[in-house]
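Visitor: Quick one: the structure is below, questions incoming.
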Amino acid sequence: MTTTTSHTPDPEGPVRPARLIQNEATTEIPVHLLFRDEAGPVSVPLRPTVVARRQGTGEQPRLRRPVQPKPRPEPQIDPDLVERPARVLPGAAGVLAGVCGAAGCLATSWWAGVLPPLAVQAVGLPASAGAGLGPAQWAAYTGAGAVGLFGLG
């Protein structure tokens, strides 16, 4: 059972021409063949397809010679532009500053009393009865975080 009805041509009514999908790169495809329910073959008269090239679409071969690009002028070198050695710290100093920043954040968390009890026992710190995060704790977090970021960054 299908939900569509079959359209049989009425011998007395007007006959409509078949709708076709076509362009210059494909052959004609009757629209009713795309959405049909019947599996039987349907004969549709097809005209021969002629594919032609269109001007201005890039399909035509180029007949002119390619233009040679003009050579670029030599860049002017600035004599004052030279590499100079800079002062740097060794990587161990940055790692040490990063570790100190992380330790400062850990100490501030213990001081504020927000460190979990399992972490307090794992580190071996005495239990702290901190009053929570106040302005002093936030300032300590900011300082320790800045030291850690600048050290590891």
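Visitor: Filter region 80-130 for residues that are among the small types (G, A, S), outside any helix (DSSP H, G or I) and open to solvent by 80 Å² or more (accessible area, probe 1.4 Å) and give the result.
Guide: Residues of region 80-130 among the small types (G, A, S): 86, 91-94, 97-98, 101-104, 107, 109, 112-113, 119, 122, 124, 127-130.
Okay, now just the ones that are also outside any helix (DSSP H, G or I), so 86, 113, 124, 127-130.
Result: A86, A127, A129.
Listed here are the residues, each with its yes/no results for (1) in a helix (DSSP H, G or I); (2) within 37 Å of the chain's Cα centre (by Cα); (3) at pLDDT 85 or above; (4) aliphatic (A, V, I, L, M).
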{"residue": "E59", "(1), (2), (3), (4)": "no, yes, no, no"}
{"residue": "D78", "(1), (2), (3), (4)": "no, no, yes, no"}
{"residue": "G132", "(1), (2), (3), (4)": "no, no, no, no"}
{"residue": "A136", "(1), (2), (3), (4)": "yes, no, yes, yes"}
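Visitor: Still on this structure, I have one more. When you scan region 83-100, do you find a residue that is over 38 Å from the mean Cα position of the chain (by Cα), modelled with pLDDT under 85 and among the charged types (D, E, K, R), even just one?
Guide: no
The values are calculated or read from the model by the stated rules, or taken from the named source; none is laboratory data. Bear in mind that the values here come from a model prediction, so they are computed numbers and not experimental data. Note: accessible area is taken over every heavy atom of the protein model, side chains too, but ligands, DNA and RNA are not part of it. Shrake-Rupley method; radii C 1.70, N 1.55, O 1.52, S 1.80 Å.
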